[in-house]
Structures are given as C-alpha cells and as structure tokens.
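The values are calculated or read from the model by the stated rules, or taken from the named source; none is laboratory data. Just so it is clear, the model here is predicted, and its values are computed rather than measured. Cβ coordinates were reconstructed from backbone atoms using ideal geometry, including for glycine residues, and neighbour counts include every protein chain displayed.
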C-alpha cells in the first residue's frame, strides 16, 4: 500500500530528487498562468509510480544518468497530460481527492495545459538523441491516443468484448508503465533482457488497471480519491461488468443490463457491486490480476538478485495489496 511506495521512495530518494529537477525544468514556461497551473498539477502528482519504475529498472544494471532522468520526466509528463485530457472527457471534478484542473480553471485551459505538456514531452524527446528511446516514446504517444479513442468507439457502439478491453487497457495504461521500465533499463544497458523488463512493465500495467477496475465496483471516494461508480449510461465499462454481460444471453442478459443501469443511475453502488459479484465478475477480475502479476514475477526472475530487483517485485505486491 502507501507504506510500500514510501519505502521505495526512501531507498531511491537521491535519484528522485534528480528526477524532480528534470521534471520542473522540463515544464518551466515564460507564461505565468501556465506555471501557476503546473505548480498545482505537480503538487498533486501522486505516487510517482512510473518514474520510480524507470529509475528502479536502470538500477538493475547500473547507476541512473541524465538519459534515465530525462526519460522518467518525459513519461510522467505524458501520463499527467493524458490525465488532464481524461478529466475533461469524463467531466471529472476530483482526482486523488483534490479538484481537477478543469474544475478550477475550466475545460478549455485544462485541455491547453495538457497540450502544453505534450509539447514539452516532444522537446524532451528531441534531447534524447537515441533512436530506440525516440521510437519508444513516439509509439507510446500513438498508443495512448488509440486506447482512448478505442474506448470512445466502443462506447458509441454500446459494445465491448474482453479482447477489445485488454487491447484498450494495454494501450491506455500498460504501455506507459512498460515504456517506463524499458526506457530506464536501456538508458544503462541494451542487452536482450530489455525484452524481459518491457514485458514485466506490461503485465504489471495490466494488473494495475484491473485493480482499478475493482475500485470502480467496490471502492469508495475516501480510498481512491475519486468517485467510484460504473458509468453504464456512457457505457464506459470495466472488466467485471464486461465479463458478466458477455457470459449471459437473451432475456437474462437484458434483465441484468437494465438492473445494473438502474442502480448505477441511482448511484446505488452496493447493488451494482452485489449483482456483478453474484455473476462472477469480481472473482474473474481478481483471478486475472493474479494471472498477470504471476507473469510479471516470471519476467523479472531472469535478473540478478539485488535490492532494486526486490523493490520492483514489491511494486507488484503493492498493486495486489491496494485496498478498496
């Protein structure tokens, strides 16, 4: 939980200081309003999960350098920029228990600040001067956009298969976590194990999103920092719901869909949770979290034992133990 992340932060505190310096310098603007909003955004930047993974992955094979910190700051800038845009798209007014940028400064400025952050990430990419780093970050930018649009497309079509959903969360969530790990690693070494750390990040990222899926069904505002409910009216669906709907057919399926939408509209999360649990959606998702966590453990097993390998393993444990 939070203590695990705090312990990791302590272990790499000097590295995180160097990273934060790169982050602040990367975002600095001559426009005072931009700096004002970004100071608020950085203050609420959360667990620094992706930069930690980038730094820890580099520590598997050496000592972080400027390329490591530049990569870590770039993935975090991309991540936060997507959150700003997501909050506008979802009309969210809370994130981590604090008002979102669009709640304070309105949607137009939130979008423009997100755009500014994307532009600063491009500036960082130009400084990397390494084709593999540039290719990874370019692909990530594409995947983040495709994942979001894939979700919107299936919301319009009122349809989402499990196959499509895993494709979507791989693009929207796992791709950036996977890139964080690989970028950190190749900033020090480009041996064949870069494939293992990339897959480690991918599987951790999928498991991370699936845990968030459970929060959507079982969580509370006090625990997650944001409202917890399935937005069935917009058809923005998570795996527990998708699994239940896709395993049913005919009248039973239509009846459950109507019931879920009714309780979601009334904001009766307990009834939504009970229905999804009754038809196996919660248990199925928990099993998937275990499955992808096991895959992550398997990929990191090829690395030499070290404090930093243990800390990466703890990030998987942190995700599993996150409470509702």
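Restricting attention to the range 116-138, which residues are over 21 Å from residue 65 (Cβ atoms), under 19 Å from the mean Cα position of the chain (by Cα) and modelled with pLDDT of 90 or more?
Passing the criteria: 117, 118.
For a quick check of your reading of the model, give me the residue pairs whose first member lies in the range 38-58 and is in contact (Cβ under 8 Å) with a residue 40 or more places away in the chain and at positive phi, whose second is surrounded by fewer than 24 Cβ atoms within 10 Å (Cβ to Cβ) and outside any helix (DSSP H, G or I), with beta-carbon atoms closer than 9 Å and at least 6 apart or on different chains.
Partner pairs satisfying both residue conditions: 46/95; 46/96; 46/225.
Looking only at the range 105-118, decide whether some residue is within 30 Å of residue 59 (Cα to Cα) and not in a helix (DSSP H, G or I).
Within the range 105-118 (the criterion being within 30 Å of residue 59 (Cα to Cα) and not in a helix (DSSP H, G or I)), the answer is no, since none of the residues qualifies.
Might you check whether a residue that is closer than 19 Å to residue 200 by Cβ and out of contact with any strand residue (DSSP E or B) (no Cβ under 8 Å at 6 or more places or on another chain) occurs anywhere in the range 40-47?
Yes, the range 40-47 contains at least one residue that is closer than 19 Å to residue 200 by Cβ and out of contact with any strand residue (DSSP E or B) (no Cβ under 8 Å at 6 or more places or on another chain).
Quick check: is even one residue across the range 259-266 part of a loop (DSSP other than H, G, I, E, B) and within 24 Å of the chain's Cα centre (by Cα)?
No, because not a single residue in the range 259-266 is part of a loop (DSSP other than H, G, I, E, B) and within 24 Å of the chain's Cα centre (by Cα).
Would you confirm whether any residue within the range 302-323 is touching a residue at least 40 places away in the same chain (Cβ under 8 Å) and over 30 Å from residue 62 (Cβ atoms)?
yes
Which of the residues spanning the range 130-140 are in contact with a helix residue (DSSP H, G or I) (Cβ under 9 Å, 6 or more places away or on another chain) and either outside any helix (DSSP H, G or I) or surrounded by fewer than 16 Cβ atoms within 10 Å (Cβ to Cβ) (or both)?
Hits for the range 130-140 are 130, 132, 134, 138, 139.
Against the conditions (1) surrounded by fewer than 14 Cβ atoms within 10 Å (Cβ to Cβ); (2) assigned to a helix (DSSP H, G or I), where does residue 30 fall short? Just the number, please.
So residue 30 meets the others, but not (2).
Do you know which residues across the range 289-313 are part of a helix (DSSP H, G or I) and over 22 Å from residue 169 (Cα atoms)?
307, 308, 309, 310, 311
Under 8 Å between Cβ atoms, at least 6 apart or on separate chains: pull out the pairs that start in the range 59-71 with a residue that is closer than 16 Å to residue 137 by Cα and end on any residue that is part of a loop (DSSP other than H, G, I, E, B) and at pLDDT below 95.
From residues that are closer than 16 Å to residue 137 by Cα, the pairs are 67/130.
Examine the range 40-55 for a residue that is over 19 Å from the mean Cα position of the chain (by Cα) and farther than 21 Å from residue 134 by Cα, and state whether such a residue exists.
yes
Mind listing whichever residues of the range 181-218 are crowded, with 23+ Cβ neighbours inside 10 Å and over 26 Å from residue 287 (Cβ atoms)?
Answer for the range 181-218, where residues must be crowded, with 23+ Cβ neighbours inside 10 Å and over 26 Å from residue 287 (Cβ atoms): 182, 183, 184, 185, 186, 187.
With the structure loaded, tell me whether residue 127 is buried (at least 16 other Cβ atoms within 10 Å of the Cβ) and in contact with a helix residue (DSSP H, G or I) (Cβ under 9 Å, 6 or more places away or on another chain) or whether it fails that test.
no
Name every residue in the range 170-180 that is more than 9 Å from the chain's Cα centre (by Cα) and surrounded by fewer than 24 Cβ atoms within 10 Å (Cβ to Cβ), in order of residue number.
Those that are more than 9 Å from the chain's Cα centre (by Cα) and surrounded by fewer than 24 Cβ atoms within 10 Å (Cβ to Cβ): 170, 171.
Please name all residue pairs, on different chains or six or more residues apart, with Cβ atoms under 8 Å, provided the first residue is in the range 111-135 and is touching a residue at least 24 places away in the same chain (Cβ under 8 Å) and the second residue is surrounded by fewer than 17 Cβ atoms within 10 Å (Cβ to Cβ) and assigned to a helix (DSSP H, G or I).
Pairs found: 125/134; 125/138; 128/134.
Of the conditions (1) modelled with pLDDT under 80; (2) under 18 Å from residue 169 (Cα atoms); (3) in a helix (DSSP H, G or I), residue 243 clears all except one; give me its number.
Tallying (1) modelled with pLDDT under 80; (2) under 18 Å from residue 169 (Cα atoms); (3) in a helix (DSSP H, G or I), residue 243 fails exactly one: (1).
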